[in-house]
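Participant: Sending over a structure as structure tokens; questions will come in a sec.
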Amino acid sequence: MYPIKDDYGTSLGDLPIKAITTELVVKILTPIWYTKPKMAERVRYVLSMVFDYARVRYKVPENPARWDDHLSVLFPRPDDVAPVQHYRALPFARAPELYARLRGRRMFARNVATLLLLLAPVRKSALIKAEWKEFDLVNRVWRVPAIRMKSHRKVKYPNDIFDMPLSETAVALLIEWKTERRSSGRYVFPGLMPDTHVAGEGINLLLRDLGDETTPHGFRAMLKSWADIRTVCEVEVKKMVLGHSLGDKTEEAYSREDWYEKRSILMDVWGEFLETGIDQPTIIGFREDARMILSRGAEPIIVPGFKRRSERLEGQIMAHDSTWPTMGHGRSRRDRQLDGRPSGLGRRGGTSASL
């Protein structure tokens with residue numbers, strides 16, 4: 001349920017629900033629709049749910065708070081009144097600089113929590129409540145309870161757990177933090193009082209003190225921008241690493257893969273980028289769209305299927321050669337026809353080197 005202030009709509013409380021008309025609802029919404037459009041939409045939404053229930057349960061003739069073909073005629077859309085403001089985020093090229101500044105600070109709970117938030121792109125609300133029992137540092141995985149994921153109502157997580165792969169950099173940070181704390185407490189980032197966790201506002205204040213134009217949620221935007229521009233991998237990998245749903249209910253029903261192995265590779269490369277500042281394009285899996293990275297004039301690392309960073313295949317793809325013979329990656333019929341080759345060579349989609 002959306003939180004709304006007690007003073008909004010209280011004038012309707014003593015009226016029989018059948019006596020509430022569109023005019024009364026408009027009278028409630030008008031003073032706040034243009035000054036507090038988000039709050040006004042929440043009030044309208046809650047009223048609409050109440051009236052929908054009353055229509056079914058108590059045979060109320062209409063819903064005076066409905067939007068479509070009703071209040072939409074009288075009010076502009078909330079987003080038109082106040083356009084959506086996205087969370088501030090730094091350009092991803094400055095992410096290693098931010099990481100180095102945070103790494104140089106003392107090992108306090110909020111500092112280390114901010115570092116892990118940069119390395120593991122969960123939401124702040126999921127991070128601050130992290131418990132040591134959720135971490136398997138040997139297998140480099142953080143098993144986040146699904147209830148702490150924003151998308152837990154839309155996404156069906158196996159065993160109600162979201163497996164967040166941890167990079168070598170993240171594991172090293174957690175081991176150092178656990179050694180530094182010398183504590184066996186419940187929470188990874190304890191608060192000042194016993195059996196409490198660090199406050200999320202502390203992370204906000206830290207970033208504000210650093211003077212950087214970013215927010216904790218902006219870390220996720222940095223990772224997404226970096227993955228879009230500097231890596232080639234399936235869009236499903238990028239969505240899953242952020243804990244997003246893959247699409248509508250039909251797509252979710254058919255997509256049974258959690259893309260864990262590729263997410264693990266992506267996190268390894270991201271952690272290395274933050275730690276070293278080396279910005280090298282990376283191909284995670286081989287698909288037809290992988291050739292896009294070649295046009296950027298760089299020599300990407302070739303990461304073979306289901307391999308950790310320490311097991312990377314050493315090789316390079318020449319930017320002028322899109323045939324990739326060493327990958328066993330087939331070319332499309334159209335490409336073979338364009339360069340004059342027989343159309344019967346190989347099949348599209350790749351062989352054992354493909355992910």
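The values are calculated or read from the model by the stated rules, or taken from the named source; none is laboratory data. Computed from a predicted model, the values in this text were never measured in an experiment. Every residue, glycine as well, gets a Cβ built from its backbone with ideal geometry; the counts of neighbours run over all protein chains shown.
Participant: Report those helices (runs of 4 or more DSSP H) wholly inside the stretch 31-141 carrying at least 3 residues which are surrounded by 14 or more Cβ atoms within 10 Å (Cβ to Cβ).
Facilitator: Counting at least 3 such residues, we get 37-57, 95-103, 109-119, 124-128.
Participant: Go through the residues of the stretch 13-23 one by one and say whether even a single one is without any contact (Cβ under 8 Å) to a residue 60 or more places away in the chain and buried (at least 18 other Cβ atoms within 10 Å of the Cβ).
Facilitator: The answer is yes; a qualifying residue exists.
Participant: Quick check, is Ser167 hydroxyl-bearing (Ser, Thr, Tyr), under 22 Å from Lys262 (Cα atoms) and modelled with pLDDT of 90 or more?
Facilitator: In short, yes.
Participant: I would also like to ask the following. Here's a check for you: in the stretch 176-220, which residue that is aromatic (Phe, Trp, Tyr) and under 16 Å from Met107 (Cβ atoms) is surrounded by the fewest Cβ atoms within 10 Å (Cβ to Cβ)?
Facilitator: Tyr187
Participant: Is it the case, given these coordinates, that Asp52 is modelled with pLDDT of 85 or more and outside the structural domain of Lys150 (by TED's automatic domain parsing)?
Facilitator: Considered against the rule, which asks whether it is modelled with pLDDT of 85 or more and outside the structural domain of Lys150 (by TED's automatic domain parsing), Asp52 comes out as yes.
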